[in-house]
1. For A56, which sequence-distant residues (separation of 5 or more, or a different chain) have an amide H within less than 5 Å of its own amide H, given hydrogens modelled in the peptide plane?
2. I need the trypsin sites (Lys or Arg not before Pro) found in the stretch 346-407, filtered to DSSP loop residues with at most 16 other beta carbons within 10 Å of theirs.
3. How many Å³ per residue does the convex hull of the Cα positions in the chain occupy?
4. Rounded to the nearest 20 Debye, what is the dipole magnitude of the stretch 17-159 about its Cα centre when Lys and Arg each give +1 and Asp and Glu each give -1 at the C-beta?
5. Tally Lys and Arg at +1 and Asp and Glu at -1 over the other residues with C-beta under 13 Å from the C-beta of F448: what net charge comes out?
6. Counting only helical runs of four or more DSSP H residues, what would the 222 nm mean residue ellipticity of the chain come to if each run contributes -39,500 (n - 2.57) and the total is spread over all its residues?
7. Any idea what % of Cα-Cα pairs in the stretch 229-336 are farther than 17 Å?
8. Hey, got the dipole for the stretch 283-491? About the Cα centre, +1 on K and R Cβ, -1 on D and E Cβ, debye to the nearest 20?
Amino acid sequence: PELSVRIEAPASGGVATALGYRNILIEKIAQGRIDRLSFADMGFTATAPADQPDLAAKGSLKRFVATAIDTGPILSATRAPGKAGLQPVYGEVVASGYSVVHGDGSMMEVGEASAKGLGIDPSLGVLGKFEELSTLGQKQQPLGDADSTRLMEAASDLVKAIGFTQFRLADVTAMDSGTSLKMGSITLSEMKQGRLERFALERISAATGGDKPVLIDSVALKGLSPLPLFAFSARAASEGSVPGLDGLLTLFRALDGMEMKGLTAPVAESDVAFRIQDFSADWGQFIGLVPTRIAMKIDGMSGPISEADGVPLAYLAAAGLKQASLGMQMGITYDPAAQTLRLAPGAMRIEQAFAADLDLSLAEVRSGAFEDPIAALAAAQQVAVGPLTLTVTDLGFVDIILKEKAAGAGTTPDVVRAEFTDTLRKAGAELEPLYPEAPAVAEALARFTEKPGTLTLRLVPFSGLKLMDAIAADPLVLLREFRISATNSTP
């Protein structure tokens, strides 16, 4: 019914720990398996030396249940070579009512912790890797190149040797002096072969001092794996190299994507909070270390604005708006068969201002451009400019600009509109000898100003225009390398 354990301090100045368990129950023990292990509650006290009071701690666990326990894989891990493949050790573990208070006043509470399908791969020498990590951890820091390589390789093998279906913490609270953190849940899903399918946090509230809390409905990392980072670090240590751009690109290999919903954060000296309703980003289709498919989306991003902000937010603030809301979407895709790189969509929407969408493509992009910096420089010389389409839809910005200009000139928006459209049409006529499309483009711009709706500009390069030449060219001269068209439509 009761079990008391005391772990004495290993030496003077160490921490002594006392633990007490009640109602321990072990059911159906046979052939290295236990059907169920449970206890009603557990309390512990860590007694610290007088000169290190912060090391003291006191806590409790109200309930613990573990089912389908199999010691076979652990025994197999002590034999070389052990059985290959992930072998189950626990069917399910559930613990509830955990709390701990440290000597420095910090505390942590967890309503419930659970783990399902926990297993190990005995063939990867789990116990030996733990021992190796412990040995390396006791060596004088920093480690040498050889030991750093061993550390990364051992950590990689250990991560690959452990798997589970789900690990979850619910109702988590952590506090220390002036800081508090609360989370509804922390969930890790499907850990296999060193890759975690999903790491998710929900209902987050974090506050410092007396400030309003930062709130997040949910945030998640997808396809998380430290193995590429371990491999890169081991290689860098063995070669004695310093991580550069390739180290940064390795981060893309360690993660498939991320998402966040419902962010609310206070803004200093403002009653308007910064918000993001929905954010997502993912990438893949790697060539070397570079992802050639990237997608990002932001919806409902809003925050306070002022006339000190740049265009277009300054115009919105001058019109009396206290906050702005915008959304963005971007997609970059490489087609290795066609050797094209395309940006579509490249969209932005600012409420009460405008929506814009850019579709741009590059041709003759060889796959070698993504493999290493030297190959990229060589391949860049062959990249050709493809068609470009820009679509702009007015959401009130034209009238806001006209009113602002009219107020500054002491006239009316209609007068400013008429003067501007007249200037556009005259400029189009004057440029016609050099740019035959100029009158049609100017007319489309003028009509868009007169009756704001949707304006579409399309630039199609004449054959053979190289990207590097376009970057170096004078903008007005460059326009002669494109066939330009413009259309507009009204609501």
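Read-outs throughout are calculated quantities, based only on the coordinates presented, and are distinct from any laboratory measurement. Model, not experiment: these values are computed from the prediction. Cβ atoms come from the backbone with ideal geometry, glycine included; neighbour counts cover every protein chain shown.
1. Excluding prolines and chain starts, which carry no amide H, the hits are A48, G103.
2. Values: sites: R349, R366, K403, K405; in loops: R366.
Within the stretch 346-407, the qualifying trypsin sites (Lys or Arg not before Pro) (loop, at most 16 other Cβ atoms within 10 Å) are R366.
3. Considering the Cα atoms of the chain, their hull volume per residue is 218 Å³.
4. Charge dipole, the stretch 17-159, about its Cα centre: 580 debye, nearest 20.
5. Once all neighbours under 13 Å are counted, the net charge is 0.
6. The per-residue figure over the chain is -7500 deg cm²/dmol.
7. In whole percent, the long-distance tail amounts to 68.
8. For the stretch 283-491, the charge dipole is close to 260 debye.
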